[in-house]
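Readers should treat all values here as calculations from the given coordinates under stated rules, not as data from a laboratory. None of these values were measured; they are calculated from a predicted model. Here the Cβ is made from the backbone with ideal geometry for all residues, glycine too, and neighbour counts use every protein chain on show.
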Amino acid sequence: MAKKENYYITIKGRKYDRKLIQLAEEFTSGKRDGKISINDAKRLLKIVKDNNAYTDIEKHTIEYIRENYKFTEKSDEWFRSEIRKWAAKKVQEAKKKSDVESILVDDSEAPEINFPSSWGEDKTEVVEITQTSKIDWRENSNFSSATSHSKKIKRSFQL
């Protein structure tokens, strides 16, 4: 049975994306000039975008790669620009999704029953309801400890 490879690599106690680190290592070693080119940066970006999310581990990994591997001037500029654009697009999509989920209603369109003009100021309605309802708290409670408290509650509701 083949051993399952871990998605992460730990360097100095911090988790990083193994695939991104391996690619950066591959791009900067061997017969190459030791720098990450634009084509290499495109491959890195493709891996970052693979799950359609820019996770914290991916952010830390890209930061680690920038600090420990050399990019050509153009590839560094291009890569930073593309990451910024993609992250901004993700923020806009999330904002658009939350805007759709929360629809604001103008007060003039809202039904008065749901939005009374004075919340909590008109106590007579609450008092009338509590005075007319006689509830035996002991019968309606599943907790034996409610019995001692029910006397206090009953007294506070009966005016």
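Can you list which of the trypsin sites (Lys or Arg not before Pro) found in region 24-85 are DSSP loop residues with at most 16 other C-beta atoms within 10 Å?
Of the trypsin sites (Lys or Arg not before Pro), the ones in loops of region 24-85 whose Cβ has at most 16 other Cβ atoms within 10 Å are Lys31, Arg32.
Divide the volume of the convex hull of the Cα atoms of region 8-101 by its number of residues and quote the answer in cubic angstrom per residue.
Values: hull volume 9.1 nm³, N = 94.
Spelled out: Cα convex hull of region 8-101, divided by residues, is 97 Å³.
Using DSSP to call loops (not H, G, I, E or B), can you name the GluC sites (Glu not before Pro) in region 5-97 whose Cβ has at most 13 other Cβ atoms within 10 angstrom?
Details: sites: Glu5, Glu25, Glu26, Glu58, Glu63, Glu67, Glu73, Glu77, Glu82, Glu93; in loops: Glu5.
Answer in residue order: Glu5.
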